[in-house]
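Below is one structure, written out as structure tokens; comments come after it.
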Amino acid sequence: MKRATSLNTRSTPGESVSLACTRFGSTWFTTPIVLVHGGSDRSWNGVPLPLQLTALGRPDCALLVAPDVTVGALARHGSSWRLAVPNDLALVGSAHHFQVLGAPPGGALFTSNGVTLVVGLR
């Protein structure tokens, strides 16, 4: 059964950003997942994005974000991350791209949608 995974965001300008990954379908208590943060959703080391993951046996999944920074976790019906946004005017207008990848034990790799956050002024 294909299970849908979605990545959502909620922000508090100037303080922090919350990202939440939710999964629908059967429970997934100890699924290893990775939050991917990238500065681009167009290319990664010269490779155009999105990058289809057909070589990994998942033609229905794609890497949408350059994996510049990754954070691993074990999912328990979903995961959330709270990321501090520095109070730095140099960040205004900068775009930050996120995606979640996961592979449940004995299951197939899955990917979430991508989310782009643009730092703005209050």
Nitroxide proxy distance, nm - points 7 Å out along Cα→Cβ at Ser18 and Leu109: 3.1 nm
Net length gained if the chain between Asn45 and Asn87 were fully extended (0.36 nm per residue, minus Cα distance): 12.2 nm
Long-range HN-HN contacts of Ser94 with modeled amide H, under 5 Å: Val119
Using θ = phi - 60° and Karplus 6.51 cos²θ - 1.76 cosθ + 1.60, couplings along the range 100-107 (whole Hz; Gly, Pro as x): 10, 10, x, 8, x, x, x, x
Table column - 3J(HN,Hα) (Hz), the range 36-41, Karplus curve with 6.51, -1.76, 1.60, x for Gly and Pro: 9, 10, x, x, 9, 10
Inter-label distance, nm, simple model (7 Å from Cα along the C-beta direction), Gln52/Thr30: 3.5 nm
Per-residue HN-Hα couplings for the range 56-72 [Karplus 6.51, -1.76, 1.60; θ = phi - 60°; Hz; x = Gly/Pro]: 9, x, 10, x, 8, 10, 9, 7, 9, 10, 5, x, 6, 9, 10, 10, x
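Bear in mind these aren't lab numbers, they're just calculated from the coordinates by the rules spelled out. What you are looking at is a predicted structure, and each value in this text was computed from that prediction instead of being measured. So basically every Cβ, Gly included, is an ideal-geometry build from the backbone, and we count neighbours across all protein chains shown.
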